[in-house]
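Q: For reference, the structure I am asking about is given below.
The values are calculated or read from the model by the stated rules, or taken from the named source; none is laboratory data. Predicted model only: the values in this text are computed from it and were never measured. Cβ atoms come from the backbone with ideal geometry, glycine included; neighbour counts cover every protein chain shown.
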C-alpha cells in the first residue's frame with residue numbers, strides 16, 4: 001500500500017477515535033492526495049512517518065480517507081469483513097430475539113461507508129463510498145459465509161453516493177427475491193418492499209420510539225404524517241387506537257401501509273391519504289380535525305449545511321401545524337433524522353411552536369436511535385436521531 005502522510009498535528013482526531021481524514025489534513029508535499037486512485041487502500045502515517053492504520057482513499061472528496069483498521073499490517077479481504085460481520089452479529093443477537101435489525105451501521109461497526117439491514121434471510125446492503133463500492137465482492141462473500149441469506153440486495157440509492165461520484169442503482173447481488181419480505185417489530189407484522197422501498201426498505205432506528213408511541217395510542221384518534229409503510233400508525237392501531245390517519249406522498253408507501261393494516265387485522269381503523277404533509281395540515285386545520293396523538297417523523301429536511309435555513313423553517317411549520325390539530329391533553333411525537341438539526345435546536349423549535357400557539361407543552365419522554373444503530377463516542381455524525389414526546393394542554 002502507498003503511504004498517506006498527515007500534516008503535523010493532524011493525527012489528533014484519529015488518535016481520539018475518529019475514522020475520517022479530511023483533504024486539508026494531508027501533507028500534500030509528501031503524499032499528494034491526487035496521486036491516489038479512487039477507492040485505493042493506503043497506509044496512513046502521522047507527520048513523523050509512524051503508521052496509524054489502513055484506510056481507503058477518495059482524492060475527489062472533502063473526506064478523502066476513512067480508516068478501516070488501526071493495525072498497519074491488516075489485510076483488507078474477505079476474512080477481515082467476515083470478522084467484522086461476526087462481531088456485529090454477536091451484538092445484535094444479544095440485543096434482539098428475532099433476525100430483524102440493522103446489522104452493520106457504518107463507522108460504529110468499524111466499516112465506514114457500509115450499511116447492512118437484516119430482514120430475516122434477506123439482506124439489504126448499501127455501499128455509500130467508492131472504497132466500499134470497490135470492496136463489494138468480498139463484502140457479499142463475507143455476508144454469505146456468515147449468514148447464508150436467501151438473497152442479498154444492493155440498495156445503492158443513498159444521496160451520499162453523489163458526493164462520492166457514484167451512480168445510484170438497485171440490484172440483486174446474490175440469491176433470488178420476488179415480492180415483499182415480512183418482518184415483525186414490537187409484536188406487529190409488516191410487509192416491506194426491499195427492492196423498491198425507501199432507503200434499505202425499512203427504518204429500524206425508530207423501533208423503540210414506535211413502541212413508546214403505541215403505548216400512548218389506546219382510545220385515541222392518531223395522525224401518522226410521513227407514514228411510509230405504516231410503522232408508527234399500524235402499531236398504534238394494533239395497540240388500541242380508535243382511528244389512525246396515515247398520510248404520505250408516495251402511492252407505493254400507502255399501498256404497503258394498507259396491506260400491513262390488513263395483515264394485522266386493523267384495516268377498519270386505518271384510513272390513508274396521499275399528499276403533501278404541509279397541505280394536509282392546512283386542510284385538516286380548516287376542517288377542524290382533532291387528534292389525541294400525532295406522529296411527526298419526516299425524512300431528513302436538512303441533508304447538508306447549506307439546507308439549514310430552509311430546513312429549520314420546514315420543521316417549524318410542521319410542528320406548529322401539528323400542534324394546532326392536537327386535542328387538549330394530546331401528545332405530539334416530534335422526530336428528526338437530520339444530523340444537522342441538533343437535539344437542542346429541535347427542543348427550542350417545540351418550545352417556540354407551543355408559545356406561538358399559546359399552548360403549555362412539556363416533554364414526557366425523549367428518544368434516539370435503537371441499539372442496532374450504535375453511536376460511536378468519537379464520531380458525533382453517528383448520533384443523528386432524536387424524538388420528543390410532548391404532552392400539550394391549554395395555556396397556563
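Q: Looking at the range 28-66, which of its residues are assigned to a strand (DSSP E or B), more than 14 Å from residue 11 (Cβ to Cβ) and in contact with a helix residue (DSSP H, G or I) (Cβ under 9 Å, 6 or more places away or on another chain)?
A: Selection gives 41, 56, 57, 63, 64, 66.
Q: Tally time: how many residues in the range 110-125 are farther than 21 Å from residue 197 by Cβ and surrounded by fewer than 22 Cβ atoms within 10 Å (Cβ to Cβ)?
A: So in the range 110-125, the residues farther than 21 Å from residue 197 by Cβ come out as 110-113.
Add one more test, that the residue is surrounded by fewer than 22 Cβ atoms within 10 Å (Cβ to Cβ), and what stays is 110.
Number satisfying all stated conditions: 1.
Q: Which residue, of 95, 147, is under 19 Å from the mean Cα position of the chain (by Cα) and modelled with pLDDT of 95 or more? Don't jump to the end; show me each part of the working.
A: Details: 147 fails: under 19 Å from the mean Cα position of the chain (by Cα).
Just one listed residue meets the conditions, 95.
Q: Would you confirm whether any residue within the range 98-105 is free of Cβ contacts under 8 Å to residues at least 60 places away in the same chain, surrounded by 20 or more Cβ atoms within 10 Å (Cβ to Cβ), touching a strand residue (DSSP E or B) at 6+ places or on another chain (Cβ under 9 Å) and under 25 Å from residue 369 (Cα atoms)? Steps first, answer last, please.
A: Narrowing the range 98-105 to residues free of Cβ contacts under 8 Å to residues at least 60 places away in the same chain: 99, 104.
Narrowing further to those that are surrounded by 20 or more Cβ atoms within 10 Å (Cβ to Cβ): 104.
Add one more test, that the residue is touching a strand residue (DSSP E or B) at 6+ places or on another chain (Cβ under 9 Å), and what stays is 104.
Those still in the list that are under 25 Å from residue 369 (Cα atoms) too: 104.
Scanning the range 98-105, I find at least one residue that is free of Cβ contacts under 8 Å to residues at least 60 places away in the same chain, surrounded by 20 or more Cβ atoms within 10 Å (Cβ to Cβ), touching a strand residue (DSSP E or B) at 6+ places or on another chain (Cβ under 9 Å) and under 25 Å from residue 369 (Cα atoms), so the answer is yes.
Q: Is the range 233-241 home to any residue that is in a helix (DSSP H, G or I) and over 18 Å from residue 293 (Cα atoms)?
A: If we filter the range 233-241 for residues that are in a helix (DSSP H, G or I), which is where we start, we get 233-238.
Then drop every residue that is not over 18 Å from residue 293 (Cα atoms), which leaves none.
Checked the range 233-241: no residue is in a helix (DSSP H, G or I) and over 18 Å from residue 293 (Cα atoms).
Q: Against the condition assigned to a helix (DSSP H, G or I), touching a strand residue (DSSP E or B) at 6+ places or on another chain (Cβ under 9 Å) and either surrounded by fewer than 21 Cβ atoms within 10 Å (Cβ to Cβ) or in contact (Cβ under 8 Å) with a residue 12 or more places away in the chain (or both), how does residue 253 come out, does it pass?
A: Values: assigned to a helix (DSSP H, G or I): yes; touching a strand residue (DSSP E or B) at 6+ places or on another chain (Cβ under 9 Å): yes; either surrounded by fewer than 21 Cβ atoms within 10 Å (Cβ to Cβ) or in contact (Cβ under 8 Å) with a residue 12 or more places away in the chain (or both): yes.
Criteria met by residue 253.
Q: So which of 286, 394, 381 ends up being surrounded by fewer than 20 Cβ atoms within 10 Å (Cβ to Cβ) and modelled with pLDDT of 95 or more? Outline the logic, then answer.
A: On the way: 394 fails: modelled with pLDDT of 95 or more; 381 fails: modelled with pLDDT of 95 or more.
So the residue among 286, 394, 381 that is surrounded by fewer than 20 Cβ atoms within 10 Å (Cβ to Cβ) and modelled with pLDDT of 95 or more is 286.
Q: When you check residue 371 against the structure, is it part of a loop (DSSP other than H, G, I, E, B), modelled with pLDDT of 95 or more and exposed (fewer than 15 other Cβ atoms within 10 Å of the Cβ), yes or no?
A: Values: part of a loop (DSSP other than H, G, I, E, B): yes; modelled with pLDDT of 95 or more: yes; exposed (fewer than 15 other Cβ atoms within 10 Å of the Cβ): no.
No; evaluated as a whole, the condition is false for this residue.
Q: Over 24 Å from residue 189 (Cα atoms) and touching a strand residue (DSSP E or B) at 6+ places or on another chain (Cβ under 7 Å): is that true of residue 110 in this structure? Step through it out loud before you land on a result.
A: Working: over 24 Å from residue 189 (Cα atoms): yes; touching a strand residue (DSSP E or B) at 6+ places or on another chain (Cβ under 7 Å): no.
No, not satisfied.
Q: Moving on. Just for the range 1-27: of the residues that are free of Cβ contacts under 8 Å to residues at least 24 places away in the same chain and surrounded by fewer than 14 Cβ atoms within 10 Å (Cβ to Cβ), which one is nearest to residue 136 (Cα to Cα)?
A: It comes out as 24.
Q: Then there's this: For the range 69-105, give me each residue that is in contact with a helix residue (DSSP H, G or I) (Cβ under 7 Å, 6 or more places away or on another chain) and in a helix (DSSP H, G or I).
A: Within the range 69-105, 78, 81, 82, 84, 85, 86, 88, 89 meet the criteria.
Q: Do we have any residue at all in the range 49-57 that's within 16 Å of residue 134 (Cβ to Cβ), crowded, with 17+ Cβ neighbours inside 10 Å, outside the structural domain of residue 376 (by TED's automatic domain parsing) and out of contact with any strand residue (DSSP E or B) (no Cβ under 7 Å at 6 or more places or on another chain)?
A: Going through the range 49-57, the residues within 16 Å of residue 134 (Cβ to Cβ) turn out to be 54-57.
Retained after the next criterion (residues that are crowded, with 17+ Cβ neighbours inside 10 Å): 54-57.
When the remaining residues are screened for being outside the structural domain of residue 376 (by TED's automatic domain parsing), the result is 54-57.
With the extra rule that they be out of contact with any strand residue (DSSP E or B) (no Cβ under 7 Å at 6 or more places or on another chain), the set shrinks to none.
Within the range 49-57, none of the residues are within 16 Å of residue 134 (Cβ to Cβ), crowded, with 17+ Cβ neighbours inside 10 Å, outside the structural domain of residue 376 (by TED's automatic domain parsing) and out of contact with any strand residue (DSSP E or B) (no Cβ under 7 Å at 6 or more places or on another chain).
Q: For the range 289-310, what are the residues that are surrounded by fewer than 22 Cβ atoms within 10 Å (Cβ to Cβ) and under 20 Å from residue 249 (Cβ atoms)? It would help to see each step written out before you state the result.
A: Taking the range 289-310 as the starting set, the residues that turn out to be surrounded by fewer than 22 Cβ atoms within 10 Å (Cβ to Cβ) are 289-290, 292, 298-310.
Within the range 289-310, 289, 298, 299, 300, 301, 302, 303, 307, 310 meet the criteria.
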